[in-house]
Amino acid sequence: MTYTVFGYGSLIFKPPPHTIHQRPGYVKGYVRRFAQSSWDHRGTIKRPGRVVTIIPWGEWHTLAEERRHEEAADKEDIVWGVAYTIDPQYEDEVRAYLDYREKNGYSVHTEDIYNLVNGKEELIIPQCILYVGLASNPSFVGPEPLDYLAHRIWSCTGPSGANRDYLYGLAKAIRELAPGSHDVHLASLETRVQSLEVDERAGLLLLPAGEDVADSNMEEPQGEQFAQVAIMVNEDT
């Protein structure tokens, strides 16, 4: 049986090694959100950034309604990404690589992958492997106000680079992935972060001077649901 893994975050623009085939497609019943805390790739221990996970559609919207946040999202429950088939002789190596890369709160799941073939939905890969950061994982931060989330992404940087570059790379990849591929949440965040960059260039916003300071122009959301969890090692998803 071939080892095929579905990427919906940075795996789209930073694919796994030893890939012999890749196909665009989507998983049903989920939404993609910047709801995982990231400190060893797109932020720091004292100032974690945000990376994406996928969450069951109904579960996410229940959380968003409870927190009374604006939701920039389609009513659809599909997440576009890329399915990568790995060279069988390197399967163990790539499994170990991905387990390490996705170790902060992500667990292995299997889901069917679909695509549009001649205008009709078709199952292209049954029970494909994917890494999901469930709401129960310790790095899950859940829904946050979009303006706060955009400011967090704009202002954070980690060993893998600026958090905003992760957002821009993912948004661009989804737009170019396949006819019909889209993500309203990504597009909304991208627009907000680009606006912050305009203000930054105009000298209206300054990046935080150190890792231990809060957002200079945006207050941290208050309340138990926004408490920063104990941080474990995070990988760029």
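The values are calculated or read from the model by the stated rules, or taken from the named source; none is laboratory data. The structure presented is a predicted model; accordingly, all values stated were derived computationally and were not measured. So basically every Cβ, Gly included, is an ideal-geometry build from the backbone, and we count neighbours across all protein chains shown. Remember, those area values only see protein heavy atoms, side chains included, never the ligands or the DNA or RNA. Shrake-Rupley method; radii C 1.70, N 1.55, O 1.52, S 1.80 Å.
A few remarks follow.
- Test: residue in region 142-159 that is in a strand (DSSP E or B), without any contact (Cβ under 8 Å) to a residue 60 or more places away in the chain and more than 30 Å from Arg68 (Cβ to Cβ): no
- Taking (1) at pLDDT 80 or above; (2) farther than 30 Å from Phe6 by Cα; (3) in a loop (DSSP other than H, G, I, E, B) in turn, Asp199 satisfies each apart from (3).
- Checking each residue in region 34-58 for being under 18 Å from Asp183 (Cα atoms) and either open to solvent by 10 Å² or more (accessible area, probe 1.4 Å) or without any contact (Cβ under 8 Å) to a residue 12 or more places away in the chain (or both) picks out Pro56, Trp57, Gly58.
- Restricting the first member to region 77-106 and to residues that are among the basic types (Lys, Arg), and the second to residues that are buried (at least 18 other Cβ atoms within 10 Å of the Cβ), the beta-carbon pairs closer than 6 Å and six or more apart or on different chains are Arg101/Glu235; Lys103/Glu235.
- Residue that is farthest from the chain's Cα centre (by Cα), among those in region 96-141 that are polar (S, T, N, Q) and surrounded by fewer than 17 Cβ atoms within 10 Å (Cβ to Cβ): Asn118
- Only listed residue being modelled with pLDDT under 90 and touching a Phe, Trp or Tyr at 6+ places or on another chain (Cβ under 7 Å), chosen from Asp40, Asp77: Asp77
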